[in-house]
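Taking it in order: structure first as structure tokens, then the write-up.
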There are 2 protein chains.
Amino acid sequence: MAVNLRPNLRQIATELGLSVTTVSRALKDGPEVHPDTIKRVKAVANAAGYVPNFHGRALRTGLTQALTAILPMETRDYLSDIAKLPLIEGLTLAAREHGYSLSIYSTTPEEDPQENLSRLIHAGGADGIVITRMVSEDSRIPFLLGRSIPFIAFGRSGGALDYAFVDVDNEGIAFQAVNMLLERGCRRIALQLLTREDQYSTVRMAGYAKAMTGAGLSIDPQLIGHEDFTMEASERWVTRLLDLPEPPTGLVCANELGLLGALSAARRKSLTVGRDFHIVVRDSTHMCRYLSAPLIAHTVDMVAVGRSLVEGLVRQIERPDAPHMQLVVDGKVEFIANA
Amino acid sequence: MAVNLRPNLRQIATELGLSVTTVSRALKDGPEVHPDTIKRVKAVANAAGYVPNFHGRALRTGLTQALTAILPMETRDYLSDIAKLPLIEGLTLAAREHGYSLSIYSTTPEEDPQENLSRLIHAGGADGIVITRMVSEDSRIPFLLGRSIPFIAFGRSGGALDYAFVDVDNEGIAFQAVNMLLERGCRRIALQLLTREDQYSTVRMAGYAKAMTGAGLSIDPQLIGHEDFTMEASERWVTRLLDLPEPPTGLVCANELGLLGALSAARRKSLTVGRDFHIVVRDSTHMCRYLSAPLIAHTVDMVAVGRSLVEGLVRQIERPDAPHMQLVVDGKVEFIANA
DNA sequence: TTCCGAAATCGTAACGTTACGATTGATAGA
DNA sequence: TCTATCAATCGTAACGTTACGATTTCGGAA
């Protein structure tokens, strides 16, 4: 018996002596169909390996059951972009669970973002869009809102518009990080920032300042580092700090490379990390688990962020009148003993 | 004037007083249409922002202009999975350039791989599939070949079947790596392998052995490390090697963590890396650029691998009789001075 | 027996596109 | 003038699905 590779509704209908309509309804448990018929139809459909054709359905209903995530890709430096991997994981897994497929649309910095968005939707490529790498007063937001295209943003843009987003509470994380150091008796706390990514630097600085002044401590500009830190640059910077008359006993690193440099500097000064010198680091890579020093890691569950984005987008597609998801995700700050 | 958001062929046809057929043909430069008509049609279509509807076309032609990459996702350890990021970048960019969209389909280890493949194709979700994480005698290959479903594999499976693949020449890279160390005067060369990923370990060992015996050197099992190396484990292992009566002067690391451990061990022994002790490392992260020691990095251009996969897949879809792409990609082994 | 209403099933049309054969109109040769 | 030929355009059908209204069937009440 030849197995038909792509059975359609009509084949199943004729095999059962039913109409296409009834089969279609039976497969989605329509109340008009006799329960016994539903059973028979489903049995045959399963046996034949029937899968509803995506495009036939999309053409009829106007819905594609597909989501598209627009991710800027830049070859430059994958280590600092590593959080994208769990994000993609969360997006794809959650999309599947909701019955959607997920396309990734890579953009290069030169392209016109709106042109892409527009083509994508007109071609019927997606029911909804995830946009990332928000800038302040992002023009894509009014553009998409104006066209009633379902979307959700990873990150917030300024402005008063009401739209769906999921964002990471970077200010809160910095606040928590400094508080952890304060609990450990640190009074002079250094903060390592980046120059390029202004947004992050600004909000981290805000969290730092809030925690410091909250504890009645003043902010020493000497202890704030603005630089495009490589491992080596970080080592130099931390070494200089440790040479100060009143050296810091706590440090909030910018990223993994900053951490490696700081560890190196501390070792040269014969400081015991976790006792004489406390370090907090953002750890997207789980690298902390593999290091030997006790550290304070702050992690953001990017898989969960990806899942939430899909959740919020699907809700908007399926129930357009529901309020927009506006979620600010806390990070987890935890002590990694590395005994 | 109200701008219609999703103009279709019929609207353009009536606006021009032409038939839908002629407009359709004009837009793809059909030879039956008068050149002037083609111009007129294109002008109106552009002005209206016409984009052909994906699903209408797919339903008619059976082709979806979509590719799907099946990527296993495992939350465990993103650092060792980081090469996936440039791979995804290459896949998505090349897909766009060929006029295809790219969906990512995440699988978890528990799922039946064939079940997924079959559903995907039956539903009309993709014209072709990229499969990854090949195992020896991979059952997906005969499955897909038997159903004439276009696919390409990242990696090779054993067996005599003829199918399209792109693979990285890990054996050649190991061979090259050892030769670089030999050129620098190393005679005792250590090789750090992993236990888990047998495939890689086996082929790297082969390249190592070929280079060593080629230089008339014997292989000392003491210098071969099989372990699930963390940074700490690597530091311990390298320290033990350096304590041997005849310590190695060259090392091929398993990965970035192995490198960090090795650097640490060398520093403790007061060895100068790049002079007393030479290290080769696989560098997917460009981490080497940020370190201070002179290193030999072997890199594989994963963006190019992703592009080649798409290239090979698209060729198979569009010209089914063309020979399968069977590409083995060389890595680049280069000295990073880090002056 | 006849009729009513509900339950179950059926038929038609439409989504937007393209393939294919049919039709129109013009030109040129007999 | 008639016809063959060719270029240009048109009309119809079909891809697989679902929405919606029409139709059939059957049990029970009048």
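The values are calculated or read from the model by the stated rules, or taken from the named source; none is laboratory data. Model, not experiment: these values are computed from the prediction. When we count neighbours, we look across all protein chains shown, and the Cβ atoms used for this are built from the backbone with ideal geometry, even at glycine.
The table for this structure:
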{"item": "Residue match in segment A:45-60 (condition: more than 11 Å from DNA strand D (Cβ to nearest atom), in contact (Cβ under 8 Å) with a residue 24 or more places away in the chain, touching a Gly at 6+ places or on another chain (Cβ under 7 Å) and facing chain B (nearest Cβ under 10 Å))", "result": "no"}
{"item": "Candidate set from segment A:239-257 (those that are more than 14 Å from chain B (Cβ to nearest Cβ) and among the aliphatic types (A, V, I, L, M)); member that is farthest from residue A:277 (Cα to Cα)", "result": "A:244"}
{"item": "Single residue of A:60, A:76 found to be at pLDDT below 90 and basic (Lys, Arg)", "result": "A:76"}
{"item": "Residues located in segment B:86-108, provided they are assigned to a loop (DSSP other than H, G, I, E, B) and not polar (S, T, N, Q)", "result": "B:98, B:99, B:100"}
{"item": "Top-ranked residue of segment B:264-294 - restricted to ones that are assigned to a helix (DSSP H, G or I) and at pLDDT below 90, ranked as surrounded by the most Cβ atoms within 10 Å (Cβ to Cβ)", "result": "B:287"}
{"item": "Pairs with Cβ under 7 Å, 6+ apart, first in segment A:20-41 and of a type in the set (Lys, Arg), second more than 8 Å from DNA strand D (Cβ to nearest atom)", "result": "A:25/A:33; A:40/A:16"}
{"item": "Qualifying residue in segment A:62-76 (condition: part of a helix (DSSP H, G or I) and in contact with a helix residue (DSSP H, G or I) (Cβ under 8 Å, 6 or more places away or on another chain))", "result": "no"}
{"item": "Subset of segment B:61-76 that is among the hydroxyl-bearing types (Ser, Thr, Tyr) and either without any contact (Cβ under 8 Å) to a residue 60 or more places away in the chain or surrounded by fewer than 16 Cβ atoms within 10 Å (Cβ to Cβ) (or both) - its residue that is farthest from DNA strand C (Cβ to nearest atom)", "result": "B:75"}
{"item": "Subset of segment B:1-26 (residues that are away from every other protein chain (no Cβ under 14 Å), part of a helix (DSSP H, G or I) and more than 11 Å from DNA strand D (Cβ to nearest atom))", "result": "B:15"}
{"item": "Single unsatisfied condition, residue A:157 versus (1) surrounded by fewer than 17 Cβ atoms within 10 Å (Cβ to Cβ); (2) not in a helix (DSSP H, G or I)", "result": "(1)"}
{"item": "Qualifying position, being buried (at least 17 other Cβ atoms within 10 Å of the Cβ), touching a strand residue (DSSP E or B) at 6+ places or on another chain (Cβ under 8 Å) and within 21 Å of residue A:126 (Cα to Cα), among B:144, B:102, B:117", "result": "B:102"}
{"item": "Selected residue (only one of A:133, A:147 is in contact (Cβ under 8 Å) with a residue 12 or more places away in the chain, among the charged types (D, E, K, R) and more than 9 Å from chain B (Cβ to nearest Cβ))", "result": "A:133"}
{"item": "Search result, residues across segment A:161-197 that are aromatic (Phe, Trp, Tyr) and either modelled with pLDDT under 95 or more than 24 Å from residue A:132 (Cβ to Cβ) (or both)", "result": "A:175"}
{"item": "Among the candidates B:207, B:214, residue that is surrounded by fewer than 17 Cβ atoms within 10 Å (Cβ to Cβ) and modelled with pLDDT of 95 or more", "result": "B:214"}
{"item": "Filter result for residue B:111 (over 30 Å from residue A:288 (Cβ atoms), outside any helix (DSSP H, G or I), out of contact with any helix residue (DSSP H, G or I) (no Cβ under 8 Å at 6 or more places or on another chain) and modelled with pLDDT under 90)", "result": "yes"}
{"item": "Residues of segment B:295-322 that turn out to be within 13 Å of chain A (Cβ to nearest Cβ) and in a loop (DSSP other than H, G, I, E, B), as a count", "result": "2"}
{"item": "Residues being more than 9 Å from DNA strand D (Cβ to nearest atom) and exposed (fewer than 15 other Cβ atoms within 10 Å of the Cβ) - total across segment B:27-42", "result": "3"}
{"item": "Any hit, segment B:121-128, residues being modelled with pLDDT of 90 or more and more than 13 Å from chain A (Cβ to nearest Cβ)", "result": "yes"}
{"item": "Single residue of B:133, B:187 found to be part of a loop (DSSP other than H, G, I, E, B) and under 21 Å from residue B:68 (Cα atoms)", "result": "B:133"}
